[in-house]
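No lab work stands behind these numbers, since they all come straight from the coordinates. In this text the structure is predicted, and so the values were computed from the model without any measurement. No Cβ is skipped: glycine too gets one built from the backbone with ideal geometry, and neighbour counts run over all protein chains shown.
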Amino acid sequence: MTFTLPAEWATQSMVQLTWPHRDTDWAERLPMVLPVFTEIAVAISRREDVLLVCHDAESESEARARVLDAGARPDRCHFARAPSNDSWARDHGPLTLRAPDGRRQLLDFGFNAWGLKFAADRDNLLTRRLHSAGAYGDLPLRTLGMILEGGSIDSDGAGTLLTTSACLLSPNRNPQWSREEISARLCEYLGVERIFWLESGHLEGDDTDAHIDTLARFCTLDTIAYQSCDDPDDSHFAPLQQMAAELASFPRADGGSYHLVPLPWPRARYDETGARLPLSYANFLIINGAVLLPTYDDPADALAAERLSAAFPDREIVPLPCLELARQHGSLHCVTMQIPA
């Protein structure tokens, strides 16, 4: 039986969040970031289950109190304990494959903190620990030696994968393999037939070496939304223009061209050290009946919602403030990982 990686718009059973705690890089800004995680958990619980992974008993008590007091549905909130280095569930969480008969399989790829940039010893073991504790029910788990983050790939659920060469070919991930060898393994492990490699596109302040979920995303089998830049004076302008041209050159499986949805460019924002924050509207999360849209207290927020609404006419667009997440160089999609139904 062939297992494949579903599209994010496939029906989901739950979304995983890894709760921030004082032993993470969030420590100094926990009072500011915990309300963001709380809002995300509440929004998910209104439509499907949410798994909150907590560092310890204290963290679980805090998470439980915050999300339930904020109005999350108690019957849809599940709590599990496992020590973590950080909260980027998109990259340390499992990828879930599905077979035509509905059977599912969890894949646990290696995680080395985006090419050995940070500590990852706890995060790399997190999926296995959660699986042993029964957090994923009776789903079988397959552990693989390949380094791969969930944010580095995007699937249309019909055999096509979107990624970037800057990330998957970076020397601190899988240096022993060529592009062709990595492609072959992705096709084998994820049940895909073709891979589109973007050669252009980046966000300043991004630690991931150009994760695809900050740049371009499948919305349907024939639609791709992407982060555009319309400011010729911005350093992102040329590479994102080139990225858009690459996307326009990719053929659909039926030979046609993709409908491309340019997402607006938010104004430049900086942290207290003067480093630019990697703001992207492409970092949205598709869940059952809705799309959770990261917003940045920016005039472009409304236009981003409008354009995504056109791309997802049957789903509610739910804006969630995520500027605080960007201070740690990520956003909404980065802190979540969906488990398909």
Report every pair of residues separated by at least 6 positions or lying on different chains whose Cβ atoms are under 8 Å apart, first residue within region 292-317 and in contact (Cβ under 8 Å) with a residue 12 or more places away in the chain, second aliphatic (A, V, I, L, M) and part of a loop (DSSP other than H, G, I, E, B).
292/332; 293/332; 294/332; 296/279; 298/279
Go through (1) without any contact (Cβ under 8 Å) to a residue 12 or more places away in the chain; (2) under 17 Å from residue 8 (Cα atoms); (3) not charged (D, E, K, R) for residue 282 and report which single condition fails.
(1)
Residues of region 1-26 satisfying the condition of being part of a strand (DSSP E or B) and either touching a Phe, Trp or Tyr at 6+ places or on another chain (Cβ under 9 Å) or within 17 Å of residue 337 (Cβ to Cβ) (or both):
12, 13, 14, 15, 16, 17, 18
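To keep it simple, each residue is scored yes or no on (1) of a type outside the set (Lys, Arg); (2) under 30 Å from residue 2 (Cα atoms); (3) touching a strand residue (DSSP E or B) at 6+ places or on another chain (Cβ under 9 Å).
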{"site": "196", "(1), (2), (3)": "yes, yes, yes"}
{"site": "227", "(1), (2), (3)": "yes, no, yes"}
{"site": "254", "(1), (2), (3)": "yes, yes, no"}
{"site": "269", "(1), (2), (3)": "no, no, yes"}
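A quick yes/no check of all residues on (1) buried (at least 23 other Cβ atoms within 10 Å of the Cβ); (2) within 17 Å of the chain's Cα centre (by Cα):
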| position | (1), (2) |
| --- | --- |
| 194 | no, no |
| 199 | no, no |
| 205 | no, yes |
| 214 | yes, yes |
| 227 | yes, yes |
| 233 | no, no |
| 237 | no, no |
Cβ pairs under 7 Å, 6+ apart or interchain, first in region 86-97 and farther than 18 Å from residue 146 by Cα, second surrounded by fewer than 24 Cβ atoms within 10 Å (Cβ to Cβ), ordered by first then second residue, are 86/24; 86/25; 87/24; 87/26
Could you please let me know if residue 168 is surrounded by 23 or more Cβ atoms within 10 Å (Cβ to Cβ) and on the phi < 0 side of the Ramachandran plot?
yes
Consider residue 273 carefully, then state whether it is crowded, with 16+ Cβ neighbours inside 10 Å and either over 22 Å from the mean Cα position of the chain (by Cα) or polar (S, T, N, Q) (or both).
no
Among the residues of region 1-46, write down those that are more than 20 Å from residue 135 (Cα to Cα), among the hydroxyl-bearing types (Ser, Thr, Tyr) and surrounded by fewer than 18 Cβ atoms within 10 Å (Cβ to Cβ).
2, 4
Only listed residue being of a type outside the set (S, T, N, Q) and closer than 25 Å to residue 158 by Cβ, chosen from 204, 193:
193
Kindly evaluate residue 331 against the criterion of being part of a loop (DSSP other than H, G, I, E, B), out of contact with any strand residue (DSSP E or B) (no Cβ under 6 Å at 6 or more places or on another chain) and either among the hydroxyl-bearing types (Ser, Thr, Tyr) or within 19 Å of residue 155 (Cβ to Cβ) (or both).
no
